[in-house]
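> Structure incoming, see below.
The values are calculated or read from the model by the stated rules, or taken from the named source; none is laboratory data. Given the structure is predicted, the values throughout are model-derived calculations rather than measurements. Every residue, glycine as well, gets a Cβ built from its backbone with ideal geometry; the counts of neighbours run over all protein chains shown. With ligands, DNA and RNA removed, areas are computed over all heavy atoms of the protein, side chains included. Shrake-Rupley method; radii C 1.70, N 1.55, O 1.52, S 1.80 Å.
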Amino acid sequence: LGLFLFGLGEGLLLLSTTGNSPWSVLAEGISNLSGFTIGASTFFISICVLFLWFFLSQKPGIGTLMNIIIIAVIIDLTLNTFESPSSIFFQYILSIFSVLLVGLGSGIYLISNLGPGPRDGLMTGLTRVTNFPIAFVRASIEISAVLIGWYLGGTVGLGTLIFALGIGPAVAASLLVVNRI
């Protein structure tokens with residue numbers, strides 16, 4: 001359920017056309033160049049990131065593999081099922097709703113303890129190897145994904161900023177709610 005909500009939120013943020021989350025900026029950029037769908041590009045990126053775990057001595061779990069598959073499939077399913085709102089007002093409402101969905105999905109996924117997602121494992125592995133603070137490592141990874149994706153033609157906009165500023169509080173609130181259930 002958490003991965004489904006996460007993928008749905010990512011797909012809806014793409015449909016808002018206000019700006020993508022950092023990794024979706026990269027996936028859209030790769031999609032623009034390759035002709036693959038954004039979901040397929042997300043899958044490919046996740047596999048590449050997972051490959052980097054080998055050098056960081058990270059161990060995937062069943063949740064890691066489910067993360068790679070479910071999020072990619074749900075992004076494409078969302079993009080093929082729903083249409084982008086025509087009103088700029090509703091596009092920004094959709095972007096805020098999307099961040100809340102990704103936050104809720106993250107909270108549900110995180111409490112399952114079935115293995116970190118590929119990007120989370122990269123973050124924790126690099127933090128352990130470099131001894132840099134986790135905030136610095138994660139910010140560096142996210143900024144790199146946005147810059148490369150933007151260079152490749154991915155969509156960066158106010159929605160990207162809404163995601164960047166809103167995802168932390170959305171995940172934190174979700175964890176509070178999900179842990180009480």
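> State the number of residues belonging to region 2-15 that are open to solvent by less than 10 Å² (accessible area, probe 1.4 Å) and not aliphatic (A, V, I, L, M).
Filtering region 2-15 for residues open to solvent by less than 10 Å² (accessible area, probe 1.4 Å) gives 2, 7, 9, 11, 13.
Subset that is not aliphatic (A, V, I, L, M): 2, 7, 9, 11.
So the answer is 4.
A quick yes/no check of all residues on (1) out of contact with any Ser or Thr (no Cβ under 7 Å at 6 or more places or on another chain); (2) surrounded by fewer than 19 Cβ atoms within 10 Å (Cβ to Cβ):
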site: ALA27; (1), (2): no, no
site: ASN32; (1), (2): yes, yes
site: SER46; (1), (2): yes, no
site: LEU52; (1), (2): yes, yes
site: ILE68; (1), (2): no, no
site: LEU79; (1), (2): yes, yes
site: PHE90; (1), (2): yes, yes
site: ILE96; (1), (2): yes, yes
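> Using the structure shown, decide if PRO85 is modelled with pLDDT under 95 and either open to solvent by 20 Å² or more (accessible area, probe 1.4 Å) or more than 21 Å from ALA40 (Cβ to Cβ) (or both). I'd like the intermediate steps shown before the answer.
Numbers: modelled with pLDDT under 95: no; either open to solvent by 20 Å² or more (accessible area, probe 1.4 Å) or more than 21 Å from ALA40 (Cβ to Cβ) (or both): yes.
Spelling it out, it is not the case that PRO85 is modelled with pLDDT under 95 and either open to solvent by 20 Å² or more (accessible area, probe 1.4 Å) or more than 21 Å from ALA40 (Cβ to Cβ) (or both).
> Does THR18 satisfy the condition of being part of a loop (DSSP other than H, G, I, E, B) and open to solvent by less than 20 Å² (accessible area, probe 1.4 Å)?
It is true that THR18 is part of a loop (DSSP other than H, G, I, E, B) and open to solvent by less than 20 Å² (accessible area, probe 1.4 Å).
> Follow-up. Applying the selection to region 121-153, what residues are among the hydrophobic types (A, V, I, L, M, F, W, C), open to solvent by 50 Å² or more (accessible area, probe 1.4 Å), within 25 Å of PRO60 (Cβ to Cβ) and without any contact (Cβ under 8 Å) to a residue 24 or more places away in the chain?
PHE132, ILE134, ALA135, PHE136
> Can you list the helices (runs of 4 or more DSSP H) found entirely within region 82-181 that contain at least 2 residues being of a type in the set (Lys, Arg)?
On the way: elements: 88-112, 118-130, 134-151, 158-180.
By residue number, 118-130.
> Select from region 154-171 the residues that are in contact (Cβ under 8 Å) with a residue 12 or more places away in the chain and either open to solvent by 40 Å² or more (accessible area, probe 1.4 Å) or aromatic (Phe, Trp, Tyr) (or both) and list them in ascending order.
Filtering region 154-171 down to residues in contact (Cβ under 8 Å) with a residue 12 or more places away in the chain leaves 154-164, 166-167, 169-171.
Matches in region 154-171: THR155, VAL156, LEU158, LEU161, ILE162, PHE163, ALA164, PRO169.
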